[in-house]
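Undergrad: Take this structure, written in structure tokens, and hold onto it; I'll ask about it next.
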Amino acid sequence: MAVLTPYTFIQCPCSDSSTLGRPSDPNSSTITEADEDERTFDPRAPRSNFSLYPLEYLLYCEDCHQIRCPRCVSEEIVTYYCPNCLFEVPSSNLKSEGNRCTRSCFQCPICIGPLAVTSIETRPDPSLLAAPDNTAAPHSGPYALTCSYCNWSSTEIGIQFEKPNSIHAQLAKLRNGGSTRLTAKERKERRKDPAYRRYQATSSGEGESDQTENLDLETQFANLKAFYQNQLADPNSADTGLAALGDLGFSSPTSLSRIMSIYTGGSLQDRKAKSRLGAMREALKPDEGLQFAHLDESAAIETLRGEGHDGTASITQLVDQPPNLGEEHLHGRSRFISELRPIPYLLRTKRSKRCPVCRHIISKPEAKVQTTRFRIRLVAGSYIPSIAIRPLSLSATAGGGGSSASGATLPGALLEPLKPAHFLLTFKNPIFETIKVTLGAPAETPGRFASKVTVLCPVFEVDANTDVWDEALREGGATGGAGSGGGGEKGERRRGRYDEGSQANNGNQLEVGKIWERGRNWVSIVVEVVPASLRLDQGDAPLREDEDVLEIPLFVHVEWEGEAGGDDVLESVAAKDKGGEAREKRELAYWCVLGLGRIRK
Amino acid sequence: MSSRRAPRGEYIETETGNKVARKATLLGTQNIMLGGKTVIQPEVLIRGDLIRTIQASTQSGAASNNTAVSIGRYCFLSRGCCLRPPGRLYKGAFTFMPLRMGDHVFVGPGSVVQAASIGSHVHIGTNVVVGEFAIIKDYVRILDGTVVPPNMVIPSFSIVAGQPARLIGEVPEGGHEAFELRGLYKTVGNNPQPAS
Ligand SMILES: [Zn+2]
Ligand SMILES: [Zn+2]
Ligand SMILES: [Zn+2]
Ligand SMILES: [Zn+2]
């Protein structure tokens with residue numbers, strides 16, 4: 001069983017149906033609290049799986065004063081790039097070339113490792129051509145793609161290349177086994193070629209004789225599309241096929257238009273369509289896109305006899321394969337590793353994110369592939385306090401284990417059922433204002449096994465995150481006489497606290513309403529839990545996965561006074577008695593889940 | 001404080017703030033460049049002796065650069081990890097190439113790194129193998145036990161795991177600060193301070 005490190009997940013307001021799509025309302029400042037008090041958030045509810053995030057994953061909208069999560073933000077793609085060669089791909093290329101790198105970047109179909117172009121003549125050395133000065137390499141083709149991890153080589157599927165560059169284009173012309181095939185462009189030309197069309201028409205006209213022709217995916221799609229377009233255009237398309245079903249058929253143009261009219265409003269009904277009787281027929285010939293399914297699997301069985309289980313591809317391998325547009329539709333029949341092909345790298349993106357409510361951009365990376373800077377990056381971590389969890393072992397502190405109260409309690413140690421355990425929650429304030437934190441937790445955790453929870457100090461203030469300069473100065477090596485004034489003093493005070501830490505903690509008693517420890521911009525408080533017994537009575541359902549994890553729901557309400565933000569919606573609450581500077585009261589409330597540990601079974 | 005302290009101090013602390021454990025093995029120290037404030041824990045092995053044996057002919061004018069391993073500021077090399085310059089055939093002869101590492105790179109215990117370059121703000125977990133000539137860009141997290149195949153390129157903001165490594169996620173916008181190693185730097189050395 002994996003060791004469980006304590007965690008804090010925060011619930012984004014987007015999962016709450018009552019606040020869905022509603023910006024925070026200044027005139028009813030207590031509405032969230034009142035609402036939330038009525039029902040306890042259950043971290044084990046199936047829905048919760050989709051709304052809980054670690055703090056790092058959350059963004060913050062400064063206009064709505066609200067947390068935003070990966071689920072509710074709307075994303076816009078800024079840049080497409082190949083994760084292997086790191087070249088940017090213009091979005092215009094995406095339509096024509098698809099969403100994979102068209103240079104020479106491939107992944108191994110067996111193990112997903114990167115493939116390198118190597119010369120077949122010399123001893124394969126994967127690192128050789130990856131180096132910048134590969135042009136100086138004395139050897140020449142033919143070349144193969146080889147995996148530096150599992151040693152797979154494209155020669156195993158009978159594929160080798162004449163040139164070491166533009167592998168993507170070369171591979172498009174090669175079938176597994178080495179025979180050539182037409183490229184997409186050539187197939188398109190061929191489809192337009194009257195001689196080819198005539199050939200197709202005659203051969204298909206003769207009925208069964210044509211069953212051998214395999215349409216590649218692209219050609220089949222083009223044929224089908226052309227066929228259906230003809231059908232829709234032709235008002236007298238009622239001939240053969242499914243005509244018997246008449247108006248009730250799903251393939252009938254009238255039923256299609258009837259369905260459309262339901263969704264678009266009755267008045268928009270296409271009167272012309274009404275006159276169209278009969279059904280559209282389905283494709284009957286290969287040039288209409290008909291492709292017979294190959295039901296004869298004797299060849300596959302024969303291969304399986306020869307190659308055995310080792311010759312078959314795993315589901316992961318099959319899933320990683322891109323659709324092979326140059327071949328016929330396999331309908332999931334590709335099962336052997338000899339049929340796998342090198343995987344061109346999927347492109348990756350850089351994306352900007354918008355607030356779903358006010359549409360303001362809350363995250364925007366710079367467009368260049370190689371830069372990691374952001375133009376806008378409003379992360380929740382710079383607006384709401386972080387919560388760190390640490391087990392607190394009271395007996396250990398008495399033994400002089402240093403300032404750290406964690407003492408003998410090993411991280412990830414199992415919690416004893418029915419035995420009180422204590423945890424230190426450290427709230428760190430990221431903003432430049434003092435915040436008032438109010439916590440709410442149900443006395444018993446929801447779910448089958450109710451553990452008792454007591455937050456010993458549910459209301460406290462955390463000092464502002466002001467003297468960052470003090471820390472920066474000490475950081476720079478200036479130790480003693482650094483930070484003159486308040487900052488340095490505070491720093492000293494803090495260090496002093498550490499030195500006396502062990503004594504202070506020895507004196508610390510678990511007292512209701514008292515904070516355990518405080519620092520520059522942080523406060524530690526104690527939570528007492530009495531883990532439930534996981535004993536199951538006869539007839540009880542067995543323990544579900546992770547049901548032994550002690551998770552406590554915690555409602556966090558944060559209040560602070562900020563500078564009035566001009567036309568801000570919260571202006572009405574602005575405190576007038578603060579002379580000069582307009583101050584306004586701000587608040588934020590959300591549920592979070594504290595994962596404390598596993599209970600001993 | 002009553003912490004048991006080795007008589008001479010467990011670490012050698014240099015003028016630029018590097019903290020190098022006495023029990024670390026640095027071969028070819030003249031070829032190892034440390035940017036400052038880097039922590040090298042006990043049992044770390046850095047193969048500075050594996051220098052490039054063939055100089056690129058085009059750069060004959062420049063003074064021959066013998067750096068085998070260069071490490072930026074605030075890097076943290078955990079106990080038992082190994083940094084080894086990658087080697088390959090170049091014009092028919094075998095040569096090593098330098099291993100370059102940016103700032104705020106954490107290398108976990110027992111990991112072996114043979115990359116060509118590692119950017120800044122990179123976290124390499126426990127018992128990771130980074131294959132020869134891998135290129136790891138900035139803000140990358142490599143989870144415990146990962147094997148990064150030779151020549152693999154890992155772009156910025158990737159989270160990779162597995163054997164061989166595959167992309168399993170992206171570093172979220174709020175996760176950038178977690179790569180910062182200034183705090184960790186303070187917690188080791190001859191006068192360690194508690195983590196804040
Ligand atoms: Zn959300
Ligand atoms: Zn590429
Ligand atoms: Zn492979
Ligand atoms: Zn907004």
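The values are calculated or read from the model by the stated rules, or taken from the named source; none is laboratory data. Remember, predicted model here, so these are calculated numbers, not experimental data. With ideal geometry, Cβ positions are generated from the backbone for all residues, glycine too; neighbour counts draw on all protein chains shown. Surface accessibility is based on the protein's heavy atoms, side chains included, excluding ligands, DNA and RNA. Shrake-Rupley method; radii C 1.70, N 1.55, O 1.52, S 1.80 Å.
Undergrad: Around B:N151, which amide H atoms from residues at least 5 apart in sequence, or from another chain, sit under 5 Å from its own amide H, with H modelled in the peptide plane?
TA: B:E132, B:F133, B:A134
Undergrad: A follow-up question, please. Counting Lys +1, Arg +1, Asp -1, Glu -1, what net charge surrounds A:L340 among other residues with beta carbon under 12 Å of its beta carbon?
TA: Values: positive: A:R335, A:R341; negative: A:E156, A:D320, A:E339.
Taking every Cβ under 12 Å from that of A:L340, the sum is -1.
Undergrad: Just to check I understand the Karplus step: with θ = phi - 60° and J = 6.51 cos²θ - 1.76 cosθ + 1.60, what whole-Hz values come out for the stretch A:163-176, glycine and proline as x?
TA: Each residue of the stretch A:163-176 in turn: 10, x, 10, 6, 5, 4, 5, 5, 5, 4, 8, 10, 8, 4 Hz.
Undergrad: Given only helices, namely DSSP H runs of n ≥ 4 each adding -39500 (n - 2.57), what is the per-residue ellipticity at 222 nm of chain B, to the nearest 500 deg cm²/dmol? Before the final figure, lay out each step's value.
TA: On the way: 1 runs with 5 residues, N = 196.
Calculated from helices alone, the mean residue ellipticity at 222 nm is -500 deg cm²/dmol.
Undergrad: Where in chain B lies the longest segment free of trypsin sites (Lys or Arg not before Pro) that are both loop residues by DSSP (not H, G, I, E, B) and have at most 14 other Cβ atoms within 10 Å?
TA: Working: sites that count: B:R4, B:R5, B:R8, B:R22, B:K23, B:K91.
Value returned for the longest uninterrupted segment is B:92-196.
Undergrad: List for the stretch A:363-377: residues with 20 Å² or greater reduction in accessible area, all protein chains versus chain alone, probe 1.4 Å?
TA: Buried by the other chains: A:Q370, A:T372, A:F374, A:R377.
Undergrad: Continuing with the same structure: For the stretch A:50-69, state which residues have at least 50 Å² less accessible area in the presence of all protein chains than in their chain by itself, taking the probe as 1.4 Å and leaving out ligands, DNA and RNA.
TA: A:E56, A:Y57
Undergrad: Based only on Cα atoms, what mean projected area does the convex hull of the stretch B:61-196 have, in nm²? Can you show the working numbers first?
TA: On the way: hull surface 40.2 nm².
Averaging across all directions leaves 10.1 nm² for the Cα convex hull.
Undergrad: Residue by residue through B:141-154, how many Cβ atoms from other chains fall within 10 Å of the Cβ on average? Let's see the in-between values first.
TA: On the way: counts 0, 0, 0, 0, 0, 0, 2, 3, 12, 9, 14, 8, 9, 2.
Going residue by residue through B:141-154 and averaging, the value is 4.
Undergrad: So, one more: What does the charge count around A:V549 come to, taking other residues whose C-beta lies under 13 Å from its C-beta (Lys +1, Arg +1, Asp -1, Glu -1)?
TA: Values: positive: A:R44, A:R448, A:R544, A:R598, A:R600, A:K601; negative: A:E545, A:D546, A:E547, A:D548, A:E551.
Within the 13 Å Cβ shell, the charges total +1.
Undergrad: Say the cut-off is 25 Å between C-alpha atoms; which of A:K428/A:K514; A:K350/B:K137; A:K452/A:K601; A:K452/A:K514; A:K428/B:K186 go over it? All intermediate terms of the calculation are to be shown ahead of the outcome.
TA: Working: A:K428/A:K514 17 Å; A:K350/B:K137 15 Å; A:K452/A:K601 17 Å; A:K452/A:K514 20 Å; A:K428/B:K186 19 Å.
Checking Cα-Cα distances, every pair stays at or under 25 Å.
Undergrad: Another question about this same structure. Check which residues have an amide H placed less than 5 Å from A:S533's amide H, if you skip close sequence neighbours.
TA: Answer set, sorted by chain and number: A:L418.
Undergrad: Next question. In nm, to one decimal, how far is the modelled label at A:A299 from the one at A:A388, with both set 7 Å along Cα→Cβ?
TA: Distance between label points: 6.4 nm.
Undergrad: Could you check the spin-label model distance between A:V459 and B:I54? Points 7 Å from the Cα along Cα→Cβ, value in nm.
TA: 7.7
Undergrad: Next up: Just to be sure I understand the model, the point goes 7 Å from the Cα along the line to the Cβ. What's the resulting A:I376 to B:E15 distance in nm?
TA: With each label point 7 Å from Cα toward Cβ, the separation is 4.8 nm.
Undergrad: Taking the Cβ of B:S156 as the centre, find all other residues whose Cβ is under 13 Å away and add up their charges (Lys, Arg: +1; Asp, Glu: -1). Before the final figure, lay out each step's value.
TA: Details: positive: A:R348, A:K350, A:K368, A:R373, B:K137, B:R141; negative: A:E366, B:D138, B:E170, B:E173.
My count for the surroundings of B:S156 gives +2.
Undergrad: Among A:L284, A:L325, A:T303, whose Cα lies farthest out toward the positive end of the dipole of the stretch A:281-370, if unit charges sit on the beta carbon of Lys, Arg (+1) and Asp, Glu (-1)?
TA: A:L325
Undergrad: Using only protein heavy atoms and a 1.4 Å probe, report how much of A:H360 is accessible, in Å² to the nearest 10.
TA: 80
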